[in-house]
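Shown next, in structure tokens, is the structure this report addresses.
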Amino acid sequence: MANEFLKTELASMMDEFQKQMTVLADVQQRRARLTASGTASQKRITVTLNADGVVIETRFTDTDDLTHEELAKAVTEAAQEAAAELSRKTADLMNPIQQQRGRMPKMSDLIENFPNLDTHLPELIPASLAPPNSPERQQHDPGMVFTDVEDLDDLRPSRISADDW
């Protein structure tokens, strides 16, 4: 009796998996066509990204009055706006897959004493938007300091000269 239940449950899971693969293939095709644009400096600068976040177009309209610094700042702002829009569009596109995945049983639901692996996933840390040499990027995480390392000078062999041969 329990064996029949497991067979039925497995068949149901396989059907659900096939449906999810079909939806995933469709989502991948739609994602590949995604673009997102951001504007800055009163819509005089537009940056457009593809689905991978690669700049595919940059447009300037009537920017003669902007300094190089203002122009650079505006391009960065437009690109960041485009990236945020791309992130929203991608999340919207992935939402049906996430909902479908949430309805599927987890291994911990099927196997007694199997840990719920979702609870062990680390929290995503958002990437900094600070420029490369900004004070925010100069600070280092004290948790990343390695205290148990050996000095490489102690491990290097001394120089050998030709006279030693």
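The values are calculated or read from the model by the stated rules, or taken from the named source; none is laboratory data. Just so you know, these numbers come straight off a predicted model, no measurement behind them. Quick reminder, even Gly has a Cβ in these numbers, built from the backbone with ideal geometry, and neighbours come from all protein chains shown. Please note that ligands, DNA and RNA were not included when accessible areas were found on the heavy atoms of the full protein model with its side chains. Shrake-Rupley method; radii C 1.70, N 1.55, O 1.52, S 1.80 Å.
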Among the numbered conditions (1) without any contact (Cβ under 8 Å) to a residue 24 or more places away in the chain; (2) closer than 29 Å to residue 130 by Cβ, tell me where residue 25 comes up short. (2)
Considering each of 49, 71 in turn, give the residue that is under 26 Å from residue 134 (Cα atoms) and in contact with a helix residue (DSSP H, G or I) (Cβ under 7 Å, 6 or more places away or on another chain). 49
Any idea which of 87, 108, 41 is more than 26 Å from residue 134 (Cβ to Cβ) and not charged (D, E, K, R)? 108
All but one of (1) among the aliphatic types (A, V, I, L, M); (2) open to solvent by 80 Å² or more (accessible area, probe 1.4 Å); (3) without any contact (Cβ under 8 Å) to a residue 40 or more places away in the chain hold for residue 75, so report the exception by its number. (2)
Considering only residues that are β-branched (Val, Ile, Thr) and within 26 Å of the chain's Cα centre (by Cα), look in the range 91-123 and name the one that is surrounded by the fewest Cβ atoms within 10 Å (Cβ to Cβ). 119
